[in-house]
Amino acid sequence: MLSYIIYKAILVVIVFSITLVAAMYSTYAERKIAGFLQDRLGPNRAGPFGILQPVADGVKMFMKEEMIPNVSNKFLFILGPSVAMFTSLMTGAVIPWGTSLTIAGHQYSLQVADVNIGILYLLGVTSVGVYGIMIGGWASNNKFALLGALRASSQMISYEVALGLSIIALIMTTGTLSIGEIAAQQHGWHWNILYQPLGFLIFIICAFAETNRAPFDLPECESELIGGYHTEYSSMKLGFYLFAEYTNMFISSAVIATLYFGGYNMPLLGRFVHDPNALVLLGTFFLFCKICFFIFLFMWVRWTLPRFRYDQLMNLGWKGLIPLAILNIAITGIVMWITGKIN
Amino acid sequence: MTIYLFYFLSFLAILCGLMVVLEKNPVHSVLYLIITFFAIAGHYILLNAQFLAVVHVIVYAGAIMVLFLFVIMLLNLNKETEPHKTNLVKFAAVISAGLLLVVLVAALRGTESLPSPSTINADMGLVKNLGKVLFNQFLLPFETASLLFLAAMVGAVMLGKRDIK
Amino acid sequence: MQSLTNRSKVVSNKKMTFMERIYLPAIFGGMMITLGHFFRKKTTVQYPEVKRPFAPVYRGMHVLKRDENGAERCTACGLCAVACPAEAITMVAAERKPGEEKLYREEKYASTYEINMLRCIFCGDCEDACPKESIFLTDRIVPSDSFRDKFVYGKDLLVEPMEENKRIDISKRQTKEVLEFKKHKEFQHNRLK
């Protein structure tokens with residue numbers, strides 16, 4: 001029992017630190033990719049190729065003066081970024097980072113918690129994530145912050161519907177709610193993207209909206225709302241909000257890779273590597289490659305597309321994606337009925 | 001261990017429930033209500049009903065309460081704009097709340113006739129079993145409920161529509 | 001309504017086709033364009049290490065030249081001050097004392113010569129006006145400062161150093177066109193009158 005707790009604790013710490021480091025270097029990658037897409041070099045002064053830039057940014061964030069507006073509710077003002085950070089880090093628990101390592105005859109699963117309703121857990125945690133933004137925006141006692149918070153929350157609850165509906169079609173084909181099992185089912189070439197292309201498209205668009213990334217970054221639209229919900233925030237509290245955004249991006253990339261792109265599975269890998277532990281670690285490596293690709297995709301889209309207008313955003317969500325997701329469910333059902341998967 | 005957790009969650013739920021009523025600031029009330037919902041979700045997990053717990057969080061804490069917060073944040077509620085309540089309204093409120101209490105008490109009295117917990121399948125709250133029960137035993141109420149939702153949705157759309165000239 | 005210019009454009013508000021309305025092909029096309037830029041050669045110049053070369057005729061901070069013996073060429077005629085459109089140049093003339101032949105080439109010289117760098121527009125008219133080949137604009141940049149009076153440059157900053165090896169090189173500014181122009185300088189002045 002004790003060894004089990006220690007192993008889980010170690011795994012939690014590893015997942016936690018990897019998530020944080022990934023989020024930290026996402027900020028660096030964002031600036032670097034933005035630079036490259038605009039024919040510039042991006043940050044390259046702190047360390048070789050600017051590799052220490054996130055550290056420098058972190059130090060700067062900590063050194064900055066901490067401001068709490070006089071009339072705001074102090075407790076809620078601090079609670080906002082904490083909730084945002086907390087919920088974005090919680091999601092990493094159900095992602096299967098790999099199958100099981102076998103060390104000294106014991107099986108050590110690389111998934112922190114294989115909850116049998118993993119997908120619902122993900123949806124639940126993301127739906128709670130709205131509060132971080134809402135509470136922070138309201139507690140700032142600033143109309144721009146409030147408007148940003150309202151935009152963020154209405155956007156997130158609108159796109160959560162389409163997100164959930166696109167996942168339902170996926171669950172119909174996989175027949176399970178456990179993310180570990182969904183990942184395990186996609187061995188070889190059986191990646192879910194091949195069975196659910198439309199569902200994937202809806203899912204990734206909703207993921208962009210859920211993480212408040214461009215072209216759906218209206219909550220922090222600086223041309224209209226100064227900084228959106230984090231207008232009044234400074235120092236590390238602002239850092240927490242920004243960090244939570246990048247953590248969300250990392251986690252949603254991991255979810256996309258796991259649900260639709262085979263997770264830790266890589267076809268033909270078993271032919272070249274025979275040591276089971278090496279195979280597991282290579283699988284984890286390939287999962288991270290996929291995650292990196294999706295993070296790149298997030299940034300690539302951000303630096304290509306202009307922002308949506310708010311009514312366009314709502315039209316796309318309610319009149320475009322939700323009917324499409326329902327259509328996708330119907331098509332999936334019909335195809336499954338024809339192929340005899342359900343009777 | 002579990003019993004302590006149960007007491008903790010119950011205490012939290014009741015305390016926050018009271019705070020919902022006692023708190024002057026409506027936004028704080030809503031936040032306390034959210035904590036209450038989380039405590040109740042914890043109770044569901046203790047009963048091994050994970051699906052219910054998560055759906056409870058998604059639907060109540062994640063969606064309905066967000067809408068509540070939304071409306072309250074936009075309403076600009078404060079002392080000056082608070083409508084004056086007549087004694088008649090207060091009386092009606094007391095009556096209806098009392099009726100709700102009677103219903104709750106009546107429902108709680110009915111628990112005596114329930115089968116003892118040991119005879120119920122412990123995995124009842126898992127998705128598979130829940131789905132089987134919902135779509136076999138309780139198919140008609142389930143579908144009726146969804147019809148009700150559809151009607152409510154159409155009604156909301158009709159209300160939200162601009163007047164047709 | 002009749003249009004005032006022939007530049008007006010008729011805007012068509014035609015309905016988008018289905019392919020246009022789903023946006024995805026356009027988005028994909030846009031992403032391909034940005035990806036093309038991702039691999040393109042970067043235009044960044046790493047400034048403190050790498051400096052972009054100035055054009056040979058770049059007009060920066062002025063210099064008051066000395067002749068080959070090290071004597072100041074300026075004779076305080078004031079033509080540069082007259083030519084200056086921004087009225088940035090002021091000077092006080094003085095008579096050369098016996099024994100100062102090494103310092104000043106002409107019998108009359110400028111005891112003070114000031115250019116207000118905040119007024120100067122670096123047009124180069126002073127250089128054109130100078131009959132003694134004394135004032136030139138160089139490729140040096142006027143450094144920034146926090147005080148306005150620091151920008152009034154006197155002779156200490158303008159006259160080039162006496163030492164042979166510290167002289168300011170202006171030879172690369174003397175392109176063929178510049179020399180050709182200077183050949184007809186007198187005519188230029190006559191025309192101004």
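What follows is calculated from the coordinates using simple rules that are stated; it is not laboratory data. Computed from a predicted structure; not experimentally measured. Ideal geometry is used to build each Cβ from the backbone, glycine not excepted, and the neighbour counts take in all protein chains shown.
Taking the 0 to 90 degree range and rounding to the nearest ten, how far is the long axis of helix A:74-90 tilted relative to the main principal axis of chain A, both from C-alpha atoms? Once rounded, the angle reads 20 degrees. Projected label points at C:E100 and A:V71, each 7 Å from Cα along the beta carbon direction, are separated by 7.1 nanometres.
Over 27 Å apart at the Cα level, from the set C:K14/C:K41; C:K150/C:K172; A:K32/A:K290, are C:K14/C:K41; C:K150/C:K172. The base-10 log of I(q)/I(0) for chain B, evaluated at q = 0.08, 0.12, 0.15, 0.18 Å⁻¹, reads -0.38, -0.86, -1.29, -1.53 [Debye formula, identical scatterers on Cα atoms, solvent excluded]. Have a look at C:P85, C:P25, C:P143 and tell me which one the Gaussian network model of chain C (Cα, springs below 10 Å) gives the largest fluctuation. With Cα springs under 10 Å in chain C, the top fluctuation among C:P85, C:P25, C:P143 is at C:P25.
Is the shape of the range C:63-193 rounded, prolate or oblate, going by the alpha carbon gyration tensor and its root eigenvalues a ≥ b ≥ c, with a/c under 1.5 for rounded and a/b larger than b/c for prolate? Rounded is the answer for the range C:63-193, as its axis ratio a/c remains below 1.5. Between B:N129 and A:L269, the C-beta separation translates, for a Förster distance of 25 Å, into a calculated FRET efficiency of about 0.10.
Spatially, the range C:95-110 and the range C:115-164 are offset by 22 Å when compared through their Cα centroids.
Residues of the range B:32-52 with an amide N closer than 17 Å to a point placed 7 Å from the Cα of B:F11 along the Cα-to-Cβ direction: B:36, B:39-40, B:42-43.
Take each residue of peptide C:31-38, count the partner chain Cβ atoms within 10 Å of its Cβ, and average: the result is 5.
Projecting the Cα positions of B:V157, A:G92, B:G17 onto the charge dipole of the protein assembly as shown (unit charges on Cβ atoms of Lys, Arg, Asp and Glu, taken about the Cα centre) puts B:V157 furthest along the positive direction.
Angle, helix A:322-338 long axis vs. longest principal axis of chain A, Cα atoms, 0 to 90°, nearest 10? Tilt relative to chain A: about 0 degrees. One quarter of the surface of the convex hull around the alpha-carbon atoms of the range A:1-124 equals 12.8 nm², the direction-averaged projected area. Distance between the 7 Å Cα→Cβ label points at C:N69 and B:I64: 10.4 nm.
Using a simple charge model, +1 on the beta-carbon of Lys and Arg, -1 on the beta-carbon of Asp and Glu, nothing else, what dipole does chain A show about its Cα centre, in debye to the nearest 20? Spell out each step's value before the answer.
On the way: 19 positive and 17 negative charges, 54 e Å.
Approximately 260 debye in magnitude.
With a simple spin-label model that places each label point 7 Å from the Cα along the Cα-to-Cβ direction, the separation between A:I193 and C:R140 comes to 6.1 nm. Taking every residue in B:51-58 and counting other chain Cβ atoms within 10 Å of its Cβ, the average works out to 5. A straight line joining the Cα centroids of the range C:22-89 and the range A:64-124 runs 52 Å.
Between helix A:276-302 and chain A there is an angle of about 40 degrees, using the helix long axis and the longest principal axis of the Cα atoms. Among the trypsin sites (Lys or Arg not before Pro) found in the range A:1-88, those both in a DSSP coil and sparsely packed, with 14 or fewer other Cβ atoms within 10 Å of their Cβ, are A:R45, A:K64.
Calculated from DSSP H runs of 4 or more alone, at -39500 (n - 2.57) each and per residue, what is the 222 nm mean residue ellipticity of the protein assembly as shown, nearest 500?
Working: 28 runs with 391 residues, N = 701.
Per the formula, -18000 deg cm²/dmol.
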